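Visitor: Sharing a structure, written as C-alpha coordinates. Questions coming.
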Amino acid sequence: MATAVAASPAQSRKTETYTDTKRRDDVRGLNIAAARAVADAVRTSLGPRGMDKMISSGDQEVIITNDGATILSRMSLLQPAARMLAELSRSQDAAAGDGTTTVVVLAGSLLRRAQSLLSAGAHPTAAADALHRLATRAVEVLHAMAIPIELSDRDSLVKSASTALNSKVVSQYSSLLSPLAVDAALSVVDPAHPDLLDLRDIRVVKKLGGTVDDTELIRGLIFDKKASHAAGGPTRVENAKIAVIQFQVSPPKTDIEQSVIISDYAQMDRILREERNYILGMVKKIKASGCNVLLIQKSILRDAVTDLSLHYLAKAKILVVKDVERDEIEFITKTLNCLPIANIEHFREDKLGYADLVEEVSVGESKIVKITGIKDMGRTATVLVRGSNQLVIDEAERSLHDALCVIRCLVNKRFLIAGGGAPEIEMSMQLAAWAKELQGMESYCIKEFAEALEVIPYTLAENAGLNPISIVTELRNRHAKGEKNAGINVRKGQITNILEENVVQPLLVSTSAITLACECVRMILKIDDIVTVR
(Lines give C-alpha, C1' and ligand atoms only; values in the text may rest on other atoms or scores of the structure.)
Protein backbone atom coordinates (compact mmCIF):
# COMPACT_ATOMS: atom_id res chain seq x y z
CA MET A 1 0.00 0.00 0.00
CA ALA A 2 1.50 3.35 -1.10
CA THR A 3 1.96 6.06 1.49
CA ALA A 4 0.28 9.46 1.00
CA VAL A 5 3.45 11.43 1.61
CA ALA A 6 6.63 10.39 -0.14
CA ALA A 7 9.39 9.97 2.41
CA SER A 8 12.96 10.96 1.67
CA PRO A 9 15.39 8.02 1.07
CA ALA A 10 17.24 8.68 4.36
CA GLN A 11 13.99 8.64 6.36
CA SER A 12 12.74 5.47 4.70
CA ARG A 13 15.97 3.64 5.59
CA LYS A 14 15.48 4.58 9.28
CA THR A 15 11.85 3.54 9.56
CA GLU A 16 11.85 0.46 7.38
CA THR A 17 14.41 -1.60 9.31
CA TYR A 18 13.40 -5.25 9.72
CA THR A 19 14.35 -7.28 12.80
CA ASP A 20 14.12 -11.05 12.58
CA THR A 21 12.43 -12.21 15.81
CA LYS A 22 11.75 -15.76 14.65
CA ARG A 23 14.51 -17.33 16.74
CA ARG A 24 13.33 -15.56 19.90
CA ASP A 25 9.75 -16.67 19.28
CA ASP A 26 10.90 -20.23 18.64
CA VAL A 27 12.91 -20.36 21.89
CA ARG A 28 10.00 -18.90 23.85
CA GLY A 29 7.58 -21.31 22.21
CA LEU A 30 9.89 -24.26 22.99
CA ASN A 31 10.16 -23.26 26.65
CA ILE A 32 6.40 -22.83 26.98
CA ALA A 33 5.71 -26.18 25.26
CA ALA A 34 8.18 -28.03 27.53
CA ALA A 35 6.77 -26.46 30.71
CA ARG A 36 3.18 -27.17 29.63
CA ALA A 37 4.09 -30.82 28.92
CA VAL A 38 5.27 -31.16 32.54
CA ALA A 39 2.09 -29.50 33.85
CA ASP A 40 -0.09 -31.84 31.74
CA ALA A 41 1.80 -34.86 33.12
CA VAL A 42 0.74 -34.12 36.72
CA ARG A 43 -2.64 -32.56 35.91
CA THR A 44 -4.53 -35.87 36.17
CA SER A 45 -3.39 -36.32 39.79
CA LEU A 46 -5.07 -33.11 41.05
CA GLY A 47 -7.85 -33.32 43.61
CA PRO A 48 -9.48 -36.02 45.73
CA ARG A 49 -10.42 -38.07 42.66
CA GLY A 50 -7.05 -37.59 40.97
CA MET A 51 -5.11 -40.57 39.63
CA ASP A 52 -1.92 -41.92 41.19
CA LYS A 53 1.39 -42.25 39.41
CA MET A 54 3.65 -45.29 39.60
CA ILE A 55 7.27 -44.15 39.39
CA SER A 56 9.79 -46.81 38.49
CA SER A 57 13.49 -45.96 38.75
CA GLY A 58 16.46 -47.67 37.11
CA ASP A 59 17.38 -49.64 40.25
CA GLN A 60 13.92 -51.31 40.32
CA GLU A 61 12.61 -48.98 43.05
CA VAL A 62 8.87 -48.35 42.71
CA ILE A 63 6.91 -45.47 44.26
CA ILE A 64 3.14 -45.00 44.08
CA THR A 65 2.06 -41.42 44.82
CA ASN A 66 -0.02 -38.49 43.63
CA ASP A 67 2.01 -35.83 45.42
CA GLY A 68 3.13 -33.32 42.76
CA ALA A 69 6.47 -32.54 44.43
CA THR A 70 7.39 -36.25 44.72
CA ILE A 71 6.42 -37.00 41.09
CA LEU A 72 8.37 -34.05 39.66
CA SER A 73 11.43 -34.56 41.90
CA ARG A 74 11.73 -38.12 40.52
CA MET A 75 11.37 -37.10 36.84
CA SER A 76 14.62 -36.80 34.93
CA LEU A 77 13.90 -33.57 33.03
CA LEU A 78 16.43 -32.33 30.48
CA GLN A 79 14.83 -29.11 29.19
CA PRO A 80 15.74 -26.16 31.48
CA ALA A 81 12.23 -24.61 31.44
CA ALA A 82 10.71 -27.98 32.37
CA ARG A 83 13.16 -28.20 35.28
CA MET A 84 11.95 -24.76 36.41
CA LEU A 85 8.47 -26.24 36.92
CA ALA A 86 9.91 -29.09 39.02
CA GLU A 87 11.73 -26.48 41.14
CA LEU A 88 8.49 -24.46 41.36
CA SER A 89 6.78 -27.50 42.88
CA ARG A 90 9.67 -27.89 45.34
CA SER A 91 9.38 -24.21 46.33
CA GLN A 92 5.66 -24.65 47.04
CA ASP A 93 6.50 -27.75 49.12
CA ALA A 94 8.99 -25.71 51.16
CA ALA A 95 6.71 -22.67 51.54
CA ALA A 96 3.38 -24.39 52.25
CA GLY A 97 3.85 -28.17 52.08
CA ASP A 98 0.57 -28.66 50.20
CA GLY A 99 -0.71 -27.52 46.79
CA THR A 100 2.35 -28.83 44.93
CA THR A 101 0.22 -30.13 42.02
CA THR A 102 -2.03 -27.03 42.00
CA VAL A 103 0.91 -24.65 41.53
CA VAL A 104 2.24 -26.58 38.50
CA VAL A 105 -1.21 -26.89 36.86
CA LEU A 106 -1.77 -23.14 37.40
CA ALA A 107 1.61 -22.31 35.83
CA GLY A 108 0.81 -24.55 32.84
CA SER A 109 -2.55 -22.82 32.29
CA LEU A 110 -1.01 -19.32 32.60
CA LEU A 111 1.64 -20.31 30.03
CA ARG A 112 -1.06 -21.50 27.60
CA ARG A 113 -2.82 -18.12 27.84
CA ALA A 114 0.53 -16.32 27.55
CA GLN A 115 1.23 -18.19 24.31
CA SER A 116 -2.08 -17.09 22.78
CA LEU A 117 -1.35 -13.48 23.85
CA LEU A 118 2.11 -13.58 22.25
CA SER A 119 0.76 -15.05 19.02
CA ALA A 120 -1.84 -12.22 18.97
CA GLY A 121 1.03 -9.70 19.03
CA ALA A 122 1.41 -8.85 22.74
CA HIS A 123 4.94 -8.09 23.93
CA PRO A 124 6.37 -10.57 26.49
CA THR A 125 7.31 -7.73 28.88
CA ALA A 126 3.75 -6.35 28.80
CA ALA A 127 2.39 -9.84 29.57
CA ALA A 128 4.93 -10.33 32.39
CA ASP A 129 4.11 -6.95 33.99
CA ALA A 130 0.37 -7.66 33.78
CA LEU A 131 0.99 -11.00 35.49
CA HIS A 132 2.82 -9.26 38.35
CA ARG A 133 -0.12 -6.91 38.94
CA LEU A 134 -2.54 -9.81 38.68
CA ALA A 135 -0.70 -11.79 41.39
CA THR A 136 -0.81 -8.83 43.79
CA ARG A 137 -4.53 -8.29 43.18
CA ALA A 138 -5.31 -12.03 43.45
CA VAL A 139 -3.69 -12.21 46.92
CA GLU A 140 -5.91 -9.28 48.02
CA VAL A 141 -9.01 -11.16 46.77
CA LEU A 142 -7.94 -14.28 48.72
CA HIS A 143 -7.38 -12.26 51.90
CA ALA A 144 -10.91 -10.83 51.56
CA MET A 145 -12.31 -14.39 51.40
CA ALA A 146 -10.29 -15.77 54.33
CA ILE A 147 -11.74 -16.77 57.72
CA PRO A 148 -9.57 -16.15 60.82
CA ILE A 149 -9.09 -19.09 63.24
CA GLU A 150 -7.41 -19.78 66.59
CA LEU A 151 -5.08 -22.68 67.38
CA SER A 152 -7.41 -23.62 70.23
CA ASP A 153 -10.07 -24.43 67.59
CA ARG A 154 -8.97 -28.06 67.13
CA ASP A 155 -11.92 -28.98 64.85
CA SER A 156 -10.89 -26.43 62.19
CA LEU A 157 -7.32 -27.73 62.25
CA VAL A 158 -8.53 -31.33 61.86
CA LYS A 159 -10.80 -30.31 58.93
CA SER A 160 -7.94 -28.63 57.05
CA ALA A 161 -5.62 -31.63 57.68
CA SER A 162 -8.39 -33.95 56.37
CA THR A 163 -8.72 -31.86 53.18
CA ALA A 164 -4.97 -32.27 52.57
CA LEU A 165 -5.21 -36.05 53.12
CA ASN A 166 -8.36 -36.58 51.01
CA SER A 167 -6.43 -36.51 47.75
CA LYS A 168 -3.81 -39.04 48.93
CA VAL A 169 -3.55 -42.80 48.46
CA VAL A 170 -4.26 -43.23 52.20
CA SER A 171 -7.37 -40.97 52.11
CA GLN A 172 -9.55 -43.67 53.73
CA TYR A 173 -7.45 -43.29 56.89
CA SER A 174 -7.81 -39.49 57.07
CA SER A 175 -10.13 -39.77 60.11
CA LEU A 176 -7.20 -41.35 62.02
CA LEU A 177 -4.23 -39.45 60.55
CA SER A 178 -5.75 -35.92 60.72
CA PRO A 179 -6.29 -35.77 64.54
CA LEU A 180 -2.94 -37.52 64.98
CA ALA A 181 -1.15 -34.86 62.89
CA VAL A 182 -2.95 -32.03 64.75
CA ASP A 183 -2.05 -33.47 68.19
CA ALA A 184 1.58 -34.02 67.14
CA ALA A 185 1.90 -30.48 65.77
CA LEU A 186 0.24 -28.74 68.72
CA SER A 187 2.36 -30.69 71.23
CA VAL A 188 5.57 -29.19 69.78
CA VAL A 189 4.40 -25.54 69.49
CA ASP A 190 6.31 -23.48 72.06
CA PRO A 191 4.09 -20.96 73.93
CA ALA A 192 7.04 -18.52 73.92
CA HIS A 193 7.00 -18.56 70.07
CA PRO A 194 3.36 -19.34 69.20
CA ASP A 195 3.77 -18.61 65.48
CA LEU A 196 6.65 -21.05 64.94
CA LEU A 197 6.37 -24.79 64.28
CA ASP A 198 9.55 -26.74 63.49
CA LEU A 199 8.67 -30.04 61.81
CA ARG A 200 12.10 -31.41 62.77
CA ASP A 201 10.67 -31.75 66.29
CA ILE A 202 8.27 -34.42 64.98
CA ARG A 203 9.99 -37.70 64.20
CA VAL A 204 8.31 -40.33 62.03
CA VAL A 205 9.39 -43.95 62.56
CA LYS A 206 8.28 -46.42 59.87
CA LYS A 207 7.67 -50.07 60.79
CA LEU A 208 6.47 -52.80 58.44
CA GLY A 209 3.50 -54.91 59.60
CA GLY A 210 -0.11 -54.29 60.56
CA THR A 211 -2.14 -51.68 58.70
CA VAL A 212 -2.19 -47.86 58.60
CA ASP A 213 -4.91 -48.13 61.32
CA ASP A 214 -2.15 -49.20 63.77
CA THR A 215 -0.32 -45.86 63.32
CA GLU A 216 0.02 -44.12 66.69
CA LEU A 217 1.38 -40.99 68.33
CA ILE A 218 3.85 -41.77 71.11
CA ARG A 219 4.50 -39.43 74.02
CA GLY A 220 8.10 -40.42 74.38
CA LEU A 221 10.83 -41.95 72.23
CA ILE A 222 11.08 -44.94 69.90
CA PHE A 223 14.21 -46.62 68.51
CA ASP A 224 13.75 -48.70 65.39
CA LYS A 225 16.17 -51.33 66.74
CA LYS A 226 16.20 -53.87 69.52
CA ALA A 227 18.13 -53.63 72.78
CA SER A 228 21.47 -55.42 72.82
CA HIS A 229 20.88 -59.00 74.00
CA ALA A 230 24.54 -60.02 74.24
CA ALA A 231 25.39 -61.70 77.57
CA GLY A 232 21.74 -61.56 78.68
CA GLY A 233 21.39 -57.83 79.29
CA PRO A 234 18.09 -56.39 80.60
CA THR A 235 15.27 -55.58 78.13
CA ARG A 236 13.02 -53.67 80.56
CA VAL A 237 14.07 -50.98 83.04
CA GLU A 238 11.78 -49.01 85.35
CA ASN A 239 12.79 -45.63 86.84
CA ALA A 240 15.36 -45.32 84.09
CA LYS A 241 18.35 -42.99 84.20
CA ILE A 242 19.35 -42.56 80.59
CA ALA A 243 22.74 -41.49 79.22
CA VAL A 244 23.43 -40.56 75.58
CA ILE A 245 27.13 -41.18 74.92
CA GLN A 246 29.25 -40.21 71.93
CA PHE A 247 32.40 -42.11 72.91
CA GLN A 248 33.30 -45.79 72.40
CA VAL A 249 33.10 -48.40 75.16
CA SER A 250 35.85 -50.46 73.53
CA PRO A 251 39.66 -50.76 73.72
CA PRO A 252 41.49 -47.68 72.37
CA LYS A 253 43.28 -47.69 69.04
CA THR A 254 46.38 -45.82 67.94
CA ASP A 255 45.80 -42.50 66.16
CA ILE A 256 47.88 -43.56 63.17
CA GLU A 257 47.79 -46.82 61.24
CA GLN A 258 50.49 -49.07 62.72
CA SER A 259 50.92 -52.64 63.88
CA VAL A 260 52.06 -53.85 67.30
CA ILE A 261 54.22 -56.99 67.15
CA ILE A 262 53.90 -59.33 70.15
CA SER A 263 56.69 -61.85 70.70
CA ASP A 264 55.37 -64.02 73.54
CA TYR A 265 52.17 -65.11 75.30
CA ALA A 266 52.89 -63.12 78.48
CA GLN A 267 52.68 -59.87 76.53
CA MET A 268 49.48 -61.05 74.85
CA ASP A 269 47.93 -61.84 78.24
CA ARG A 270 48.99 -58.45 79.50
CA ILE A 271 47.33 -56.67 76.55
CA LEU A 272 44.07 -58.60 77.08
CA ARG A 273 44.20 -57.90 80.82
CA GLU A 274 44.77 -54.17 80.19
CA GLU A 275 41.83 -54.15 77.75
CA ARG A 276 39.60 -55.82 80.35
CA ASN A 277 40.65 -53.39 83.07
CA TYR A 278 40.18 -50.42 80.74
CA ILE A 279 36.61 -51.46 79.83
CA LEU A 280 35.81 -52.46 83.41
CA GLY A 281 36.96 -49.04 84.63
CA MET A 282 34.63 -47.35 82.12
CA VAL A 283 31.65 -49.53 83.08
CA LYS A 284 32.26 -48.84 86.81
CA LYS A 285 32.24 -45.08 86.15
CA ILE A 286 28.99 -45.42 84.16
CA LYS A 287 27.41 -47.50 86.93
CA ALA A 288 28.63 -45.13 89.67
CA SER A 289 26.61 -42.26 88.15
CA GLY A 290 23.42 -44.32 88.65
CA CYS A 291 22.88 -44.77 84.88
CA ASN A 292 20.91 -47.91 83.90
CA VAL A 293 20.09 -47.20 80.20
CA LEU A 294 22.84 -46.42 77.73
CA LEU A 295 22.24 -45.01 74.21
CA ILE A 296 25.47 -45.32 72.21
CA GLN A 297 26.12 -43.27 69.07
CA LYS A 298 27.26 -45.15 65.97
CA SER A 299 31.03 -44.86 65.55
CA ILE A 300 32.93 -44.62 62.27
CA LEU A 301 36.43 -44.92 63.77
CA ARG A 302 36.11 -48.24 65.58
CA ASP A 303 33.48 -50.47 67.16
CA ALA A 304 31.36 -48.42 69.57
CA VAL A 305 30.96 -51.51 71.79
CA THR A 306 32.61 -54.94 71.85
CA ASP A 307 31.27 -58.26 73.11
CA LEU A 308 33.39 -57.85 76.24
CA SER A 309 31.99 -54.39 77.06
CA LEU A 310 28.42 -55.62 76.40
CA HIS A 311 29.10 -58.51 78.81
CA TYR A 312 30.24 -56.12 81.59
CA LEU A 313 27.32 -53.73 80.92
CA ALA A 314 24.88 -56.69 81.14
CA LYS A 315 26.46 -57.73 84.47
CA ALA A 316 25.92 -54.15 85.72
CA LYS A 317 22.20 -54.48 84.67
CA ILE A 318 22.46 -51.65 82.13
CA LEU A 319 20.16 -51.74 79.09
CA VAL A 320 22.13 -50.90 75.94
CA VAL A 321 20.82 -49.48 72.63
CA LYS A 322 23.72 -49.24 70.19
CA ASP A 323 24.20 -47.73 66.72
CA VAL A 324 22.14 -44.58 67.35
CA GLU A 325 22.51 -42.39 64.25
CA ARG A 326 24.53 -39.19 64.58
CA ASP A 327 21.72 -36.96 63.19
CA GLU A 328 19.24 -38.34 65.76
CA ILE A 329 21.31 -37.26 68.77
CA GLU A 330 19.94 -33.69 68.84
CA PHE A 331 16.31 -34.92 68.77
CA ILE A 332 16.96 -37.55 71.46
CA THR A 333 18.70 -35.15 73.86
CA LYS A 334 15.96 -32.53 73.35
CA THR A 335 13.26 -35.12 74.11
CA LEU A 336 15.00 -36.60 77.16
CA ASN A 337 16.08 -33.16 78.39
CA CYS A 338 19.64 -34.40 78.89
CA LEU A 339 23.11 -33.66 77.49
CA PRO A 340 25.18 -35.86 75.16
CA ILE A 341 28.37 -37.08 76.85
CA ALA A 342 31.50 -36.98 74.68
CA ASN A 343 34.04 -38.34 77.17
CA ILE A 344 33.99 -40.85 80.04
CA GLU A 345 35.57 -38.20 82.31
CA HIS A 346 32.48 -35.99 81.88
CA PHE A 347 30.06 -38.76 82.88
CA ARG A 348 28.04 -37.14 85.68
CA GLU A 349 24.53 -37.60 87.05
CA ASP A 350 23.41 -34.09 86.03
CA LYS A 351 23.83 -35.04 82.34
CA LEU A 352 21.34 -37.93 82.53
CA GLY A 353 17.71 -38.02 81.41
CA TYR A 354 14.96 -39.65 83.49
CA ALA A 355 12.00 -41.81 82.41
CA ASP A 356 9.46 -44.09 84.11
CA LEU A 357 9.93 -47.01 81.73
CA VAL A 358 12.30 -48.19 79.00
CA GLU A 359 11.31 -51.48 77.42
CA GLU A 360 11.73 -53.59 74.32
CA VAL A 361 8.37 -54.32 72.65
CA SER A 362 7.43 -56.52 69.69
CA VAL A 363 5.99 -54.75 66.65
CA GLY A 364 5.06 -57.11 63.85
CA GLU A 365 7.95 -59.46 63.25
CA SER A 366 10.63 -57.20 64.72
CA LYS A 367 11.25 -55.37 67.99
CA ILE A 368 11.63 -51.73 69.00
CA VAL A 369 12.80 -49.95 72.14
CA LYS A 370 10.19 -47.63 73.65
CA ILE A 371 10.85 -44.91 76.26
CA THR A 372 7.74 -43.55 78.02
CA GLY A 373 7.00 -41.33 81.01
CA ILE A 374 9.93 -39.00 80.36
CA LYS A 375 10.51 -36.47 83.14
CA ASP A 376 10.56 -32.79 81.95
CA MET A 377 10.14 -33.99 78.36
CA GLY A 378 11.15 -31.53 75.64
CA ARG A 379 8.62 -30.28 73.07
CA THR A 380 8.92 -33.15 70.61
CA ALA A 381 6.62 -35.89 69.29
CA THR A 382 7.17 -39.31 67.73
CA VAL A 383 4.78 -40.97 65.28
CA LEU A 384 4.99 -44.71 64.62
CA VAL A 385 3.69 -45.37 61.08
CA ARG A 386 2.59 -48.92 60.25
CA GLY A 387 1.55 -50.48 56.95
CA SER A 388 1.16 -53.77 55.12
CA ASN A 389 3.93 -53.05 52.60
CA GLN A 390 6.73 -50.56 52.09
CA LEU A 391 4.91 -48.59 49.36
CA VAL A 392 1.93 -47.91 51.66
CA ILE A 393 4.22 -46.94 54.57
CA ASP A 394 6.21 -44.50 52.40
CA GLU A 395 3.03 -42.90 51.01
CA ALA A 396 1.51 -42.70 54.52
CA GLU A 397 4.65 -40.88 55.70
CA ARG A 398 4.48 -38.41 52.77
CA SER A 399 0.76 -37.82 53.42
CA LEU A 400 1.40 -37.27 57.12
CA HIS A 401 4.13 -34.76 56.22
CA ASP A 402 1.63 -32.86 54.02
CA ALA A 403 -0.94 -32.79 56.85
CA LEU A 404 1.72 -31.50 59.27
CA CYS A 405 2.74 -28.83 56.73
CA VAL A 406 -0.90 -27.67 56.49
CA ILE A 407 -1.00 -27.22 60.28
CA ARG A 408 2.36 -25.40 60.12
CA CYS A 409 0.79 -23.01 57.56
CA LEU A 410 -2.08 -22.33 59.97
CA VAL A 411 0.35 -21.73 62.85
CA ASN A 412 2.27 -19.21 60.71
CA LYS A 413 -0.79 -17.52 59.15
CA ARG A 414 -4.02 -18.19 61.04
CA PHE A 415 -6.54 -17.96 58.22
CA LEU A 416 -8.61 -20.63 56.48
CA ILE A 417 -10.10 -20.48 53.00
CA ALA A 418 -12.68 -22.65 51.17
CA GLY A 419 -11.39 -25.43 48.90
CA GLY A 420 -13.05 -27.21 45.97
CA GLY A 421 -12.10 -24.62 43.33
CA ALA A 422 -14.07 -21.82 45.08
CA PRO A 423 -11.14 -19.37 45.57
CA GLU A 424 -9.93 -19.81 41.97
CA ILE A 425 -13.36 -19.04 40.45
CA GLU A 426 -13.82 -16.07 42.80
CA MET A 427 -10.35 -14.72 41.83
CA SER A 428 -11.08 -15.30 38.13
CA MET A 429 -14.36 -13.38 38.25
CA GLN A 430 -13.08 -10.47 40.35
CA LEU A 431 -9.93 -10.10 38.21
CA ALA A 432 -11.98 -10.21 34.98
CA ALA A 433 -14.18 -7.41 36.38
CA TRP A 434 -11.06 -5.45 37.34
CA ALA A 435 -9.62 -5.92 33.82
CA LYS A 436 -12.62 -4.00 32.40
CA GLU A 437 -11.60 -0.93 34.43
CA LEU A 438 -8.08 -0.98 32.95
CA GLN A 439 -7.04 0.17 29.51
CA GLY A 440 -4.87 -0.94 26.63
CA MET A 441 -2.75 -4.07 26.46
CA GLU A 442 -2.77 -4.59 30.25
CA SER A 443 -6.56 -5.02 30.21
CA TYR A 444 -6.34 -7.75 27.51
CA CYS A 445 -3.53 -9.58 29.33
CA ILE A 446 -5.25 -9.55 32.73
CA LYS A 447 -8.54 -10.74 31.20
CA GLU A 448 -6.75 -13.69 29.56
CA PHE A 449 -4.78 -14.62 32.70
CA ALA A 450 -7.93 -14.31 34.88
CA GLU A 451 -9.59 -16.97 32.70
CA ALA A 452 -6.52 -19.19 33.13
CA LEU A 453 -7.31 -19.57 36.86
CA GLU A 454 -10.44 -21.56 35.95
CA VAL A 455 -8.18 -24.52 35.13
CA ILE A 456 -8.30 -25.69 38.78
CA PRO A 457 -12.11 -26.19 39.07
CA TYR A 458 -12.15 -27.48 35.46
CA THR A 459 -9.50 -30.12 36.26
CA LEU A 460 -11.17 -31.05 39.58
CA ALA A 461 -14.44 -31.73 37.73
CA GLU A 462 -12.66 -33.54 34.89
CA ASN A 463 -10.73 -35.85 37.25
CA ALA A 464 -13.92 -36.64 39.18
CA GLY A 465 -15.64 -37.82 35.98
CA LEU A 466 -18.09 -34.89 35.91
CA ASN A 467 -18.92 -32.66 32.93
CA PRO A 468 -16.32 -29.89 33.38
CA ILE A 469 -18.01 -27.29 31.12
CA SER A 470 -21.43 -27.45 32.80
CA ILE A 471 -19.86 -27.59 36.29
CA VAL A 472 -17.61 -24.55 35.73
CA THR A 473 -20.48 -22.61 34.09
CA GLU A 474 -22.75 -23.36 37.05
CA LEU A 475 -19.94 -22.45 39.46
CA ARG A 476 -19.51 -19.08 37.71
CA ASN A 477 -23.25 -18.49 37.91
CA ARG A 478 -23.34 -19.21 41.67
CA HIS A 479 -20.38 -16.91 42.33
CA ALA A 480 -21.98 -14.16 40.23
CA LYS A 481 -24.97 -14.38 42.61
CA GLY A 482 -22.61 -13.68 45.49
CA GLU A 483 -22.05 -17.24 46.83
CA LYS A 484 -18.33 -16.80 47.52
CA ASN A 485 -17.87 -20.25 49.07
CA ALA A 486 -19.65 -22.30 46.37
CA GLY A 487 -17.30 -25.04 45.21
CA ILE A 488 -17.25 -28.46 43.56
CA ASN A 489 -18.39 -31.24 45.90
CA VAL A 490 -16.62 -34.19 44.31
CA ARG A 491 -18.40 -36.80 46.47
CA LYS A 492 -21.91 -35.62 45.54
CA GLY A 493 -20.92 -34.59 42.01
CA GLN A 494 -22.53 -31.17 42.31
CA ILE A 495 -21.91 -27.61 43.50
CA THR A 496 -22.50 -26.92 47.21
CA ASN A 497 -21.34 -24.48 49.88
CA ILE A 498 -17.94 -26.05 50.38
CA LEU A 499 -17.40 -24.61 53.90
CA GLU A 500 -20.41 -26.59 55.16
CA GLU A 501 -18.81 -29.74 53.70
CA ASN A 502 -15.66 -29.03 55.78
CA VAL A 503 -13.45 -28.72 52.68
CA VAL A 504 -11.04 -26.04 53.88
CA GLN A 505 -7.37 -25.23 53.35
CA PRO A 506 -4.91 -22.71 54.80
CA LEU A 507 -4.79 -19.27 53.16
CA LEU A 508 -1.00 -19.59 52.85
CA VAL A 509 -1.35 -22.57 50.45
CA SER A 510 -3.47 -20.55 47.96
CA THR A 511 -1.53 -17.27 48.21
CA SER A 512 1.80 -19.08 47.88
CA ALA A 513 0.55 -21.09 44.85
CA ILE A 514 -0.64 -18.02 42.90
CA THR A 515 2.44 -15.87 43.64
CA LEU A 516 4.94 -18.66 42.89
CA ALA A 517 3.14 -19.71 39.68
CA CYS A 518 3.03 -16.09 38.40
CA GLU A 519 6.70 -15.59 39.28
CA CYS A 520 7.74 -18.74 37.40
CA VAL A 521 5.66 -17.87 34.30
CA ARG A 522 7.10 -14.32 34.24
CA MET A 523 10.59 -15.77 34.31
CA ILE A 524 9.84 -18.17 31.41
CA LEU A 525 8.26 -15.33 29.35
CA LYS A 526 11.34 -13.13 29.78
CA ILE A 527 13.69 -15.76 28.33
CA ASP A 528 14.29 -15.14 24.61
CA ASP A 529 17.37 -17.26 23.94
CA ILE A 530 19.15 -20.35 25.24
CA VAL A 531 22.94 -20.05 25.17
CA THR A 532 24.89 -23.28 25.65
CA VAL A 533 28.44 -22.97 26.94
CA ARG A 534 31.11 -25.60 27.31
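Visitor: As a quick test, which of the pairs Lys207/Lys253; Lys168/Lys207; Lys253/Lys370 have an alpha carbon distance above 29 angstrom in this structure?
Guide: Beyond 29 Å between Cα atoms: Lys207/Lys253; Lys253/Lys370.
Visitor: Amide H to amide H under 5 Å from Tyr354: which residues, 5+ apart in sequence or cross-chain, H placed 1.01 Å off N in plane?
Guide: Ile242, Lys375
Visitor: Something else: Any idea which of Ala316, Val406, Tyr265 is furthest toward the positive side of the dipole for the chain, if Lys and Arg beta-carbons carry +1 and Asp and Glu beta-carbons -1?
Guide: The listed residue farthest towards the positive side: Tyr265.
Visitor: Once the convex hull of the alpha carbons of the range 156-280 is built, what does its volume come to per residue, in cubic angstrom?
Guide: Per-residue hull volume (Cα only) is 256 Å³.
Visitor: Provide, as a two-decimal number, the C-alpha radius of gyration of the chain over 2.2 N^0.38 Å, N being how many residues it has.
Guide: After normalising by residue count via 2.2 N^0.38 Å, the value is 1.29.
Visitor: Here is a further query. Let me check I have the definition right: for the range 47-136, take the eigenvalues of the Cα gyration tensor, multiply each by 5, take square roots. What are those semi-axes in whole Å, largest first?
Guide: 29, 15, 12
Visitor: Can you list the DSSP H helices in the chain whose Cα atoms extend at least 15 Å along the helix axis and whose mean Kyte-Doolittle hydropathy is -0.5 or higher?
Guide: The qualifying helices are 22-43, 80-95, 100-119, 124-145, 154-165, 174-188, 390-412, 422-437, 440-452, 468-480, 507-525.
Visitor: Counting every Cα pair in the range 112-188, what percent are over 22 Å apart?
Guide: 55 percent
Visitor: As a test of reading the structure, rank Ile498, Ile147, Ile344 by solvent-accessible area (1.4 Å probe, protein chains only), most first.
Guide: Solvent-accessible surface, decreasing: Ile147, Ile344, Ile498.
Visitor: Further question: Which value at 222 nm does the chain reach when only helices count, each DSSP H run of 4 or more adding -39,500 (n - 2.57), with the total divided by all residues and rounded to the nearest 500 deg cm²/dmol?
Guide: Theoretical 222 nm ellipticity from helices: -15500 deg cm²/dmol.
Visitor: Now, a different point. Can you work out D for the range 396-534 in µm² s⁻¹ from Stokes-Einstein, where Rh is the Kirkwood radius over C-alpha pairs, the temperature is 37 °C and the viscosity is 0.692 mPa s? Kindly include the intermediate steps, with their values, before the conclusion.
Guide: On the way: Rh = 16.9 Å.
Approximately 194 µm²/s, per Stokes-Einstein.
Visitor: Could I ask something else about it? Classify the range 456-505: rounded, prolate or oblate, from the alpha-carbon gyration tensor (a ≥ b ≥ c, eigenvalue square roots; a/c under 1.5 rounded; otherwise prolate if a/b is larger than b/c)? Walk me through the numbers on the way to the answer.
Guide: Details: a/c = 1.94, a/b = 1.15, b/c = 1.70.
Oblate shape, in that a/c is at least 1.5 and b/c is the bigger or equal ratio.
Visitor: How large is the Kirkwood hydrodynamic radius of the range 220-376, in angstrom, based on all distinct alpha carbon pairs?
Guide: So the Kirkwood estimate lands at 16.4 Å.
Visitor: What part of the accessible area of the range 147-283, given as a whole %, is carbon or sulfur when the probe is 1.4 angstrom?
Guide: Using a 1.4 Å probe with all protein chains present, the range 147-283 comes out at 50 percent carbon and sulfur.
Visitor: Could you give the nm distance between label points at Glu451 and Glu474, where each point is 7 Å from its Cα heading toward the beta carbon?
Guide: With each label placed 7 Å out from Cα toward Cβ, I get 2.3 nm.
The values are calculated or read from the model by the stated rules, or taken from the named source; none is laboratory data. The structure displayed is predicted, hence computed values, not measured ones. Glycine also receives a Cβ, built like all others from the backbone with ideal geometry; neighbour counts cover every protein chain displayed. Accessible surface areas use protein heavy atoms only, side chains included; no ligands, DNA or RNA. Shrake-Rupley method; radii C 1.70, N 1.55, O 1.52, S 1.80 Å.
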